[in-house]
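The values are calculated or read from the model by the stated rules, or taken from the named source; none is laboratory data. Quantities reported herein were computed from a predicted structural model and do not represent experimental measurements. Note that each Cβ is placed from the backbone with ideal geometry, even for glycine, and that neighbours are counted across all protein chains shown.
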Amino acid sequence: MTNPQTAPAHTNRLTREKSPYLLQHAHNPVDWLPWGQEAWEKPSPPNSPPHPSPA
């Protein structure tokens, strides 16, 4: 049984968002970035496309 008083194991930047959809992922163990300037300024790994690509 889960204790409702227990703090989440992971918290990311999505806790600052207003969107209910983004807030439901605020405790995923992934360093999600909301769409915005910070996401564009974060360095990309070498040889990666400059933006998300469906291919």
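Observations on the model:
- Contact map, region 41-55: first residue part of a loop (DSSP other than H, G, I, E, B), second residue modelled with pLDDT of 60 or more and aliphatic (A, V, I, L, M), Cβ cut-off under 8 Å, separation 6 or more or different chains; pairs are Lys42/Leu33.
- Among the residues of the chain, the one identified as modelled with pLDDT under 75 and β-branched (Val, Ile, Thr) is Thr2.
- For first residues located in region 1-22 and closer than 14 Å to Glu38 by Cβ and of a type in the set (Asp, Glu), partners that are in a loop (DSSP other than H, G, I, E, B) and modelled with pLDDT under 90 and lie 6+ apart or on another chain with Cβ distances below 7 Å form the pairs Glu17/Pro34.
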